[in-house]
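The values are calculated or read from the model by the stated rules, or taken from the named source; none is laboratory data. All figures in this text were calculated on a predicted structure; none of them were measured in a lab. Cβ placement follows ideal geometry from the backbone for every residue including glycine, while neighbour counts extend to all protein chains displayed. Just so you know, the surface numbers come from the protein's heavy atoms only, side chains and all, with ligands and any DNA or RNA stripped out. Shrake-Rupley method; radii C 1.70, N 1.55, O 1.52, S 1.80 Å.
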Amino acid sequence: NKKVIKKKNKEKKNEIKTKKSKDEYINKKIIIKFAPDREKPSIEEINFFLKNLPNFNKKDRITITGYAEKRTNDSTSKARRLSLKRALFLRSLFLEENYEITEIYIKALGHNSNIEGNKDIVVITND
């Protein structure tokens, strides 16, 4: 019985550690909003980014995923290029803070109709 109780306590501790790790992962995601057709975010959004920068571990992989609203008469290519420019701008801010370029991954996805609200965003995650 003592062995069973110890095993269950050990499992609970592992469960708590796993949950904490997942919570920490959730906290390492930020969304930067952009004005339509702008390659750079507002000063407020840049300040938000810089304030949250310490949340990103320099040793972990960082993924920067850019999106852009496809406006009337815009090509899919134009939306993807704009999303790439946005992601590259934010990557440059990481590089200025001595993050490793080899650990920063860029995804330029262009238009995504599944996003609700403002579709002109960049999502940054620390994997």
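Being more than 18 Å from Asn47 (Cβ to Cβ), loosely packed, with under 15 Cβ neighbours inside 10 Å and in contact with a helix residue (DSSP H, G or I) (Cβ under 7 Å, 6 or more places away or on another chain) is the filter here, so list the residues in segment 79-106 that pass it. Hits for segment 79-106 are Leu95, Ile101. Within segment 90-117, the set of residues being more than 14 Å from the chain's Cα centre (by Cα) and in a helix (DSSP H, G or I) comprises Ser92, Leu95, Glu96, Ile101, Thr102.
Only a single item in (1) modelled with pLDDT under 95; (2) open to solvent by 100 Å² or more (accessible area, probe 1.4 Å); (3) of a type in the set (D, E, K, R) is not met by Glu44, and it is number (1). The number of residues in segment 107-127 that are at pLDDT 90 or above, of a type in the set (D, E, K, R) and open to solvent by 60 Å² or more (accessible area, probe 1.4 Å) comes to 1. Selection over segment 54-72 of residues that are open to solvent by 60 Å² or more (accessible area, probe 1.4 Å), assigned to a loop (DSSP other than H, G, I, E, B) and under 17 Å from Tyr99 (Cβ atoms) gives a count of 4.
Annotation note: Cβ proximity below 6 Å between a residue of segment 102-126 that is within 11 Å of Ser83 (Cβ to Cβ) and small (Gly, Ala, Ser) and a residue that is assigned to a helix (DSSP H, G or I) and open to solvent by less than 20 Å² (accessible area, probe 1.4 Å) (sequence gap 6+ or interchain) occurs for Ala108/Ser83; Ala108/Ala87; Gly110/Ala79; Gly110/Ser83.
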